[in-house]
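> One structure, as structure tokens, below. Some questions next.
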Amino acid sequence: MPVKNRFAELLPEITEWRRDLHENPEILFDTHRTSKVVADKLRAFGCDEVVEGIGRTGVVGVIKGKSSGSGKVIGLRADMDALPIHEQTGLDYASKTDGAMHACGHDGHTAMLLGAAKYLSETRNFDGTVVVIFQPAEEGGGGGKEMCDDGMMDRWNIQEVYGMHNWPGNPVGSFAIRPGAFFAATDVFTITLEGKGGHAAKPQEVIDTTLMAAHFVTSVQSIVSRNADPVKQIVVSVTSFETSSKAFNVIPQRVEIKGTVRTMAEDQRDLAERRIKDIAAGVCATFGGTADVEYQRGYPVMVNHEEQTDFAADVARSVSGSCDDAPLVMGGEDFAFMLEERPGAYILVGNGETAPVHHPEYNFTDEAIPAGCSWWAEIVEKRMPAA
């Protein structure tokens, strides 16, 4: 079955929802307006149950099929939060909140799942229960974990869970997926180097933290080039280098370095953490300073389950005619926490030739909405066919 005609009919309405969300972005867990909009629409659709405040500001809607003899329960998840980016699209519906922007398409994800929820509430042509999950704080806040920690999976007896993300560069409405490890584990580190500040004209009297930091930044790349197995994926990036002095003639007492580590395997994650600590200690031993190292583990590797991935790909082919093999992605995705609790799969839907995600000129492509909505609906109707 191709894109459902109902979603072609609903496209103007769903587009209006999406653009309203785009105009009013909210960051991390502060999705109060967005969550209310979602909850109000789910109630208007006639969902059997709507619960707010799961994972702080998450929303869950429950839709029962015409029959429930199968006892099956499927979760469908969309993320709601925006990014702390100043929008530069010039769109009529550009962000009205300075410094906040839907630069990753979560407005589109939310709108598509709302569209699917409206359709499923109208038709109920399935045997079982659908739980639609609207999650805050995907962009670094771990909202998915908080919803799971609130007991969401057990409370509604969710047995499988499915997620979707738009993908710039892929044709609009096309799909791509892969089984197994898909999105990377994402960790962050902060290194505070302490030395002895002083006058830039008297280097013999100081312990130069800038020199120490420069050696650390260079040396930390040896983790990838000389410590990690070259056939395994690992990225180490230093993203911030800040000294305690801004003067031209002062060697600073302190330098703070921040960065991120992306890995696809737990042994590489352990390796990176150990080597970052060792390199910081070695640099300090060489130059006479000290280092305080904070290494924080973030999202785990997102792993698609094989059976559910095969099924999700079949559904995608039924909607768009094909489903490509997706590449490994070194970005993080906190749907990983849900896939640790339940079997499921995560798929990419093409956004066309747009600016990349997290770019100030990015915009979700509304023409992708019917394909995305159809995929959600087909997941339900094919996985839990009506008796």
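The values are calculated or read from the model by the stated rules, or taken from the named source; none is laboratory data. Note that the structure is a prediction, hence the values are computed from the model and not measured. Please note: Cβ atoms are built from the backbone with ideal geometry, for glycine as well, and neighbour counts cover all protein chains shown.
> Quick check: anything in region 51-69 touching a His at 6+ places or on another chain (Cβ under 9 Å), touching a residue at least 40 places away in the same chain (Cβ under 8 Å), in the same structural domain as A377 (by TED's automatic domain parsing) and buried (at least 19 other Cβ atoms within 10 Å of the Cβ)?
Yes, there is a match, as at least one residue in region 51-69 is touching a His at 6+ places or on another chain (Cβ under 9 Å), touching a residue at least 40 places away in the same chain (Cβ under 8 Å), in the same structural domain as A377 (by TED's automatic domain parsing) and buried (at least 19 other Cβ atoms within 10 Å of the Cβ).
> Then there is this: Are any residues in region 15-70 of a type in the set (G, A, S) and assigned to a strand (DSSP E or B), and if so, which ones? Before the answer, list the steps.
First, the residues of region 15-70 that are of a type in the set (G, A, S): 35, 39, 44, 46, 53, 55, 58, 61, 65, 67-70.
The answer is G53, G58, G61, S67.
> Sticking with this one: I need the full set of residues from region 7-44 which are in contact with a Leu (Cβ under 8 Å, 6 or more places away or on another chain) and charged (D, E, K, R), in order please.
Selection gives K41 alone.
> Continuing with the same structure: Scan region 149-169 for residues that are surrounded by 24 or more Cβ atoms within 10 Å (Cβ to Cβ) and assigned to a helix (DSSP H, G or I) and jot them down.
Within region 149-169, M152 is the sole residue that qualifies.
Yes/no matrix, rows are residues, columns are (1) more than 29 Å from D270 (Cα to Cα); (2) among the small types (G, A, S); (3) in a strand (DSSP E or B):
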residue	(1), (2), (3)
M112	yes, no, no
E146	no, no, no
V172	yes, no, no
T190	no, no, yes
A201	yes, yes, no
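> Can you tell which of F175, F183 is at pLDDT 95 or above, touching a Cys at 6+ places or on another chain (Cβ under 7 Å), surrounded by 19 or more Cβ atoms within 10 Å (Cβ to Cβ) and not β-branched (V, I, T)?
Going through F175, F183 in turn, just one is at pLDDT 95 or above, touching a Cys at 6+ places or on another chain (Cβ under 7 Å), surrounded by 19 or more Cβ atoms within 10 Å (Cβ to Cβ) and not β-branched (V, I, T): F175.
> Against the definition (over 15 Å from A117 (Cα atoms) and either assigned by TED's automatic domain parsing to the domain that holds H106 or over 20 Å from the mean Cα position of the chain (by Cα) (or both)), how does E13 come out, yes or no?
Spelling it out, it is not the case that E13 is over 15 Å from A117 (Cα atoms) and either assigned by TED's automatic domain parsing to the domain that holds H106 or over 20 Å from the mean Cα position of the chain (by Cα) (or both).
> Let me ask something else about it. Just for region 245-260: of the residues that are of a type in the set (S, T, N, Q) and either modelled with pLDDT of 95 or more or assigned to a strand (DSSP E or B) (or both), which one is farthest from Y295 (Cα to Cα)?
This residue is N249.
> Separate question: If you go through region 261-302 one residue at a time, how many are crowded, with 19+ Cβ neighbours inside 10 Å and not in a helix (DSSP H, G or I)?
The total comes to 10.
> Could you list all residues from region 168-205 that are among the aromatic types (F, W, Y) and under 30 Å from P343 (Cα atoms)?
F175, F182, F183, listed by residue number.
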